[in-house]
């Protein structure tokens, strides 16, 4: 159809009654074609532009003479695109939002989408009918998004930690290079679930199914998960400890859309901790040995001393160092480097005293199950040693046989140590000495922030009460 | 029931040991405050000071106790441990003794690292004693300190 044919359509719209459906022939197609807001043009079989409406001319900035009658390929920035479009149209295909770039009069390029079909008469291609929609702003917006995505991708790739994300179902949708390196494998996008790693284990060595891993919990419970250490195994069998930081992601309506996870390799920290523990154990071992040597030296000096007074002083000193050495062996245990088990501690210090007292004096221990801070161990060992010695010497009062009961209980944030004997009780004499006997006990009780009291029941009951220290 | 101590806040008073030849020739012995949270180490320090002819105004286990004893006993100087009972340490106590009462300190500690020394500079310390120290070193440090103050 030529434009003259289009123009020949009758213009009877203004004659039509209001509200009445008009026959197609009554519509003014020329007016519609010229003034519709959508850009529109016809191209002949040789590529010549047969006609273009105002919207098309305004879109590109040409006058009708500068545009109509020229070959459409002159206005396309990409020749292969227009050639492909025309050949497809001539082959009878329809183009739906086919992307193209058109050259404007001012030299700028507009991104458009062309929707077009060919007109055939008796199987012969006559012309195209092309709608052109300007999508330049959309393309610019897409370009900004693409650039932002690229920047984010570069940032994530540059991070020295493993980062990956999943969709709301837990399928991996992204991972950075560090994640693949740390995991020792290339995760499969859209297939792998919950974690990029090969196998997972809990911090105590139990197998951890991926569906139960912190990331799965974060997605299932829609909350960040923190402070859960785990081990991951690479396909080559090697293991590494890590700390995950899974965090759910939400859309603008608050709907869960996935989660992001950061895996921090804590191998070096664990190695440093192990090294520190080893050094501490070594130091503890040496201190323990040195105290045993000191104990031994005092025992030898005691045996070799000819003076009764020196013997007695050395025996007391030997027993005190023995109590401290016995206490020392429970400090800095692997399970808790800052605290010690009360029952084991009491057993050790009482065991040291038993050696000095002989078999005739029994020591019964009644302690609650718990731990105390290492800070109180030495004062407590010395206190217990003095009280045991006092009970053996004065409480049992030279009878030779008897029983001493040692108890340690906890009540209202206070620790109560009781040492009771079954003797006749004793009169406490203030010797004025503060470095031995009950004077030492009182001083050390004060160092613990506590008090010391002696009660006379059936035998003497010595009681130390001090605030429970934090381990 | 016989209570041998009334509680953690009751300070120990210095014992009345004889004075063996005062090292500084003054009519009255030099008054020293011992600040040490370990009971036995504090006792030993007190004995060393008494043996050397100084008067010990008390053994304080915490910064608060040190300030209270210093206010009451008016010592010429304090032998100050760094690690003390309570929330404040010996550096805090020494700074307070100096700024509030003008009493200088000699730090006696196993924590003689550079960071601690920098922090302690505000207390204008008269010397540092590395634990464990002998009586001779203690006396020498006090004599040097007194020379600086005079």
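Assorted remarks:
- Average 1/r across all pairs of distinct alpha carbons in chain A, invert it, and you get the Kirkwood radius: 31.9 Å.
- Pairwise FRET efficiency - residue A:173 versus residue A:303, Cβ, R0 = 51 Å, nearest 0.05: 0.05
- Rg/Rg_globular for region A:200-263, with Rg_globular taken as 2.2 N^0.38 Å and Rg from C-alpha atoms: 1.21
- For chain A, the longest principal axis of the Cα atoms and the long axis of helix A:377-390 meet at an angle of about 20 degrees.
- In the frame of its principal axes, region A:193-325 has Cα extents of 90, 37, 21 Å, reported largest first.
- For region A:250-395, the alpha-carbon coordinates run over 89, 31, 21 Å along the three principal axes, in decreasing order.
- Its Kirkwood hydrodynamic radius, worked out from the mean inverse distance over all distinct Cα pairs, puts region A:250-331 at 17.2 Å.
- Rel. contact order, % - alpha carbon contacts under 8 angstrom, at least six apart, chain A: 7 percent
- DSSP-defined antiparallel bridges as percent of all bridges, the protein assembly as shown, nearest 5: 75 percent
- For region A:86-241, averaging the sequence separation of C-alpha pairs within contact (under 8 Å, six or more residues apart) and dividing by the residue count gives a relative contact order of 12 percent.
- Projected over all directions and averaged, the alpha-carbon convex hull of region A:103-144 occupies 4.0 nm².
- Of the residues A:106, B:89, A:316, A:31, the one with the fewest other Cβ atoms within 10 Å heads the list, and the complete ranking is A:106, A:31, A:316, B:89.
- Spatial extent of region B:79-150: Rg and Dmax, with the Cα atoms as the point set, Å: 11.7, 33
- Helical contribution to [θ] at 222 nm, DSSP H n ≥ 4, -39,500 (n - 2.57), averaged over the protein assembly as shown, rounded to 500: -11500 deg cm²/dmol
- Rounded if a/c under 1.5, otherwise prolate or oblate - region A:145-189, Cα gyration tensor axes: oblate
- Antiparallel DSSP beta bridges within region A:330-413, percent to nearest 5: 30 percent
- Spherically averaged projected area of the convex hull of Cα atoms, region A:42-154: 7.9 nm².
- Sequence of A:250, A:111, A:457 once ranked by neighbouring C-beta atoms within 10 Å, starting from the fewest: A:457, A:250, A:111
- D (Stokes-Einstein, µm²/s), Kirkwood Cα radius, region A:89-241, 0.890 mPa s at 25 °C: 123 µm²/s
- Footprinting exposure proxy ranking of A:42, A:29, A:340, fewest other C-beta atoms within 10 angstrom first, gives A:29, A:42, A:340.
- The overall shape of region A:349-471, judged from the alpha-carbon gyration tensor, is prolate: a/c is not under 1.5, and a/b is greater than b/c.
- Calculated diffusion of region A:52-93, Stokes-Einstein form, Kirkwood radius summed over Cα pairs, 20 °C and 1.002 mPa s, µm²/s: 188 µm²/s
All of the numbers you see were taken from the coordinates with simple rules; none came from a lab. Remember, predicted model here, so these are calculated numbers, not experimental data. All Cβ positions, glycine included, derive from the backbone under ideal geometry; neighbour counts span all protein chains shown.
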